[in-house]
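Chemist: Have a look at the structure that comes next, please.
The values are calculated or read from the model by the stated rules, or taken from the named source; none is laboratory data. Model, not experiment: these values are computed from the prediction. Quick reminder, even Gly has a Cβ in these numbers, built from the backbone with ideal geometry, and neighbours come from all protein chains shown.
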Amino acid sequence: MLVLVLALPLIGGSAAVSGNTWELSGLASATIAFGETSLIGLDSLVFSAFLTYCDWAFQADAGLQQGAFDMVKLKGSGILGDLSLNSTLSLDPSTASFVSWKSGIAWSLDEDVSIVDTLYLADPQSASYNQISLTGTAQELSFQGTVKVSLCPLCFLEANVCVGWPLFGCDDGRVDLCSLFTDSGGFAMTTIGITGYTLFEDVLGVTGTFDAVFEFTPLAKSLTPILKLVPDWAICPEFEIIGEVVAGGVPIHVGAVRFKGIKGEFVIGGGATFSIAESLTDSANAELTGNADYFERIGVTAPLPSCCGAPGSIAIDAYFQRPPATTLFGWALLEASAEFRLSEGIGFGIELFHSASSPTWGIAVTTQILWDGASSPHGS
């Protein structure tokens, strides 16, 4: 698919009250799309406006997809005394219907304990809920408790309790224990996570750390160990070797031991990074490569020159299928993207893919006009 985005300037201005208290900004863009199997046509229009006033921020988004005006979102957040408030209202103008409203309120009981209440109203009403979370710390101990209830009908949905503490005898290691309970079956799952345990330091310039996740459910038990190798070499690589241990039934015994795969990352100079990920089982594809269809990913990211202090970047990723494959080395998909700022108010981005299957190609070119300092949606 070829996507050409033509930015349309917003007409407006900004106001300054009591030393630039008000700040008004916005952006607008139009998208024209065509590709291997589609004719050229208007794909979307997007308009956004931003308003800040003291400790308050407001945002309005409106969008058209394939000729249908189907999205309006009104957002607001701010501080009122000791309370932090936020709210998002979503509407579908094409059917003049309500989609959802989500609001949150957070307040601190003291420096170490806070409460967050989230109310979500949706159409259909059965998706509505209210959630209350309590988080805090006591010296080196951290805790969080969450209770979620349905509003229509009014009933308990789930509760989650988490506690974390430093790993004994380890400066950087930590243990986190979480338990989940649901309305359908009571106890649902307990996980115990260990992170940052140092196995060895400076062995041929390599530091090895160990992470692990133990997962217990009424029907299964598993252990996911992760060995991280960080060599202190010129190219500064970092490897992760990821495994899995699955327990059998009662009495508990080891049912399977297998390696899920490996991940590696190398800083190759000038801010550029080379990365590789490979899964050894199809069930781990999404976890390791980020795409459930491919078992291997090779990627490169690097900074690009960009105007006005805004970050610029380029990324290239190649994905491969497990044998047997009909292409060289099993290549299946190539994705590339780049974005940078052309001037203070103009941003540019491009995305493309080339695939071994249909559709075999696609390009997206994006130009944005940012009015009075509106933030670019890229990367947000």
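Chemist: Of these, GLU351, GLU344, GLU335, which one is charged (D, E, K, R), in contact with a Ser or Thr (Cβ under 8 Å, 6 or more places away or on another chain) and either more than 29 Å from ILE40 (Cβ to Cβ) or surrounded by 14 or more Cβ atoms within 10 Å (Cβ to Cβ) (or both)?
Modeler: Details: GLU344 fails: in contact with a Ser or Thr (Cβ under 8 Å, 6 or more places away or on another chain); GLU335 fails: in contact with a Ser or Thr (Cβ under 8 Å, 6 or more places away or on another chain).
Result: GLU351 is the single residue among GLU351, GLU344, GLU335 that is charged (D, E, K, R), in contact with a Ser or Thr (Cβ under 8 Å, 6 or more places away or on another chain) and either more than 29 Å from ILE40 (Cβ to Cβ) or surrounded by 14 or more Cβ atoms within 10 Å (Cβ to Cβ) (or both).
Chemist: SER376 is checked against (1) part of a loop (DSSP other than H, G, I, E, B); (2) modelled with pLDDT of 85 or more and fails just one. What number does that condition carry?
Modeler: (2)
Chemist: Another one. Check whether at least one residue in the stretch 31-46 is at pLDDT 85 or above, closer than 14 Å to TRP371 by Cβ and out of contact with any Cys (no Cβ under 9 Å at 6 or more places or on another chain), and report yes or no.
Modeler: Yes: one or more hits.
Chemist: Among the residues of the stretch 28-40, which ones are surrounded by fewer than 19 Cβ atoms within 10 Å (Cβ to Cβ) and closer than 15 Å to GLY362 by Cβ?
Modeler: Matches in the stretch 28-40: ILE32, PHE34, GLY35, GLU36, THR37, SER38, LEU39, ILE40.
Chemist: Applying the selection to the stretch 280-308, what residues are over 30 Å from SER343 (Cβ atoms) and part of a loop (DSSP other than H, G, I, E, B)? Show your work before the answer.
Modeler: Of all residues in the stretch 280-308, those over 30 Å from SER343 (Cβ atoms) come to 280-298.
Selection gives LEU280, THR281, GLY290, ASN291, ALA292, ASP293, TYR294, PHE295.
Chemist: In the set LEU74, LEU80, LEU121, which member is modelled with pLDDT of 95 or more and more than 23 Å from the chain's Cα centre (by Cα)? If you could, list the steps in order and put the result at the bottom.
Modeler: Values: LEU74 fails: more than 23 Å from the chain's Cα centre (by Cα); LEU80 fails: modelled with pLDDT of 95 or more.
Just a single option satisfies the conditions, and that option is LEU121.
Chemist: Take the residues in the stretch 86-99 that are small (Gly, Ala, Ser) and either outside any strand (DSSP E or B) or in contact with a Phe, Trp or Tyr (Cβ under 7 Å, 6 or more places away or on another chain) (or both), then tell me which one is surrounded by the fewest Cβ atoms within 10 Å (Cβ to Cβ).
Modeler: Keep residues of the stretch 86-99 that are small (Gly, Ala, Ser), which gives 87, 90, 94, 96-97.
Narrowing further to those that are either outside any strand (DSSP E or B) or in contact with a Phe, Trp or Tyr (Cβ under 7 Å, 6 or more places away or on another chain) (or both): 94, 96.
Numbers: SER94: 13, ALA96: 7.
Within the stretch 86-99, the match that is surrounded by the fewest Cβ atoms within 10 Å (Cβ to Cβ) is ALA96.
Chemist: Still on this structure, please answer the following. Which members of the stretch 309-328 meet the condition of being in a loop (DSSP other than H, G, I, E, B) and at pLDDT below 90? Outline the logic, then answer.
Modeler: Just the residues of the stretch 309-328 that are in a loop (DSSP other than H, G, I, E, B), to begin with: 310-312, 321-327.
Within the stretch 309-328, ALA310, ARG322, PRO323, PRO324, ALA325, THR326, THR327 meet the criteria.
Chemist: Let me ask something else. Does the stretch 137-147 include one or more residues that are modelled with pLDDT under 90 and of a type outside the set (Gly, Ala, Ser)?
Modeler: Among the residues of the stretch 137-147, at least one is modelled with pLDDT under 90 and of a type outside the set (Gly, Ala, Ser), which makes the answer yes.
Chemist: Where in the stretch 154-257 are there strands (runs of 3 or more DSSP E), lying fully within it, with 1 or more residues that are on the phi < 0 side of the Ramachandran plot, loosely packed, with under 14 Cβ neighbours inside 10 Å and at pLDDT 75 or above?
Modeler: 154-166, 186-203
Chemist: Still on this structure, please answer the following. Looking at (1) charged (D, E, K, R); (2) modelled with pLDDT of 85 or more; (3) surrounded by 15 or more Cβ atoms within 10 Å (Cβ to Cβ), find the lone condition where ASP293 falls short.
Modeler: With (1) charged (D, E, K, R); (2) modelled with pLDDT of 85 or more; (3) surrounded by 15 or more Cβ atoms within 10 Å (Cβ to Cβ) applied to ASP293, the lone miss is (3).
Chemist: Condition first: assigned to a loop (DSSP other than H, G, I, E, B) and not small (Gly, Ala, Ser). Now tell me which residues in the stretch 100-130 satisfy that. Walk me through how you get there before you give the answer.
Modeler: Of the stretch 100-130, the ones assigned to a loop (DSSP other than H, G, I, E, B) are 109-112, 123-124, 128.
Of everything in the stretch 100-130, those that are assigned to a loop (DSSP other than H, G, I, E, B) and not small (Gly, Ala, Ser) turn out to be LEU109, ASP110, GLU111, ASP112, ASP123, PRO124.
Chemist: Further question on the same structure: Taking the stated definitions as given, is ILE105 surrounded by 15 or more Cβ atoms within 10 Å (Cβ to Cβ), more than 30 Å from ILE40 (Cα to Cα) and in contact with an Asp or Glu (Cβ under 9 Å, 6 or more places away or on another chain)? Before the answer, list the steps.
Modeler: Details: surrounded by 15 or more Cβ atoms within 10 Å (Cβ to Cβ): yes; more than 30 Å from ILE40 (Cα to Cα): yes; in contact with an Asp or Glu (Cβ under 9 Å, 6 or more places away or on another chain): yes.
Yes, satisfied.
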